[in-house]
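Report on the following structure.
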Amino acid sequence: MPFPPHPRIRLRRRSLFASAAGAALVAGCTGALDPAGPGRGSSAADRARARAARDSEKLAERYAAVIAAHPALAARLEPLRVQVVRHAHAFGSRAGTSASPSASASPSTSASPAAPAVPADPKAALAGLAQAERALADRRTDALLKVPGELARLMASVAAAGAAHVYLLTEGGQ
C-alpha cells in the first residue's frame, strides 16, 4: 500500500518542469547517435535531428549578428552563442558555424537572408534573442514525443539549456 502524500507537499507545474529540466541537464548534451547508427534509424528522426541542427545554426548566426551590432553585449552573449554552436554540433551539424568569436561575430560576415535585422536598441536586441530562444525551446519540447529515446534526451537537454538562456537574457543579466 503506497503512502499518502504529506499534506504540506504540493507539486506545482513549475516545480515539475524545473525538475524535468534539471534531470535533462544532469543527463548532459552528448552528440551520441542512436544505437541504430546513421542511416539505420528512422528517417523522421534523421529529419528531426537535421532540423534541430539547422535551427541551432540559425540561432548562432542571430547571436553573432547581435554581437556584431552591439559589441558592448559581447561578454554577456558570447558564452551563450558558443553553447548554441555546441548544440548544433551535438545534433550533427557539419556547417561552418564556429565556436570562435571571430569566425561569426565579424560585421563583414553575411547573415542568412531569413535572419531578422538587429534592433538598434540593445534591450530590444536582447528581447529578440530571448524570444527566439523561447520559441526554439518550445518547438523542441513539443517534438520530444515524436523522436526516439537518445534524440529525445538530447532535445530535452538542449531545450532546458535554451530555457536557461531565456532567463539569462531577460532576468539573469540585469
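Taken together, the values in this text are just the output of simple stated rules run on the coordinates, not laboratory data. What you see is a predicted model, and the numbers here were worked out from it, not measured in a lab. Positions of Cβ are backbone-derived with ideal geometry, glycine not excepted, and every protein chain shown enters the neighbour counts.
Grab the beta carbon distance between residue 82 and residue 145, set R0 = 35 Å, and tell me the FRET efficiency rounded to 0.05.
Numbers: r = 30 Å, r/R0 = 0.85.
FRET efficiency, residue 82 to residue 145: 0.75.
If I stretch the segment between residue 47 and residue 131 completely, what's the gain in nm (0.36 nm per residue apart, minus their alpha carbon distance), one decimal? Mind showing how you got there, number by number?
On the way: separation 84, 0.36 × 84 = 30.24 nm, distance 2.41 nm.
That works out to 27.8 nm of additional length.
Work through the residues other than residue 135 whose Cβ is under 15 Å from its Cβ and net out their charges, Lys, Arg +1 and Asp, Glu -1. Let's see the in-between values first.
Working: positive: 51, 54, 58, 62, 134, 139, 140; negative: 55, 133, 138, 142.
Around residue 135, the surrounding residues sum to +3.
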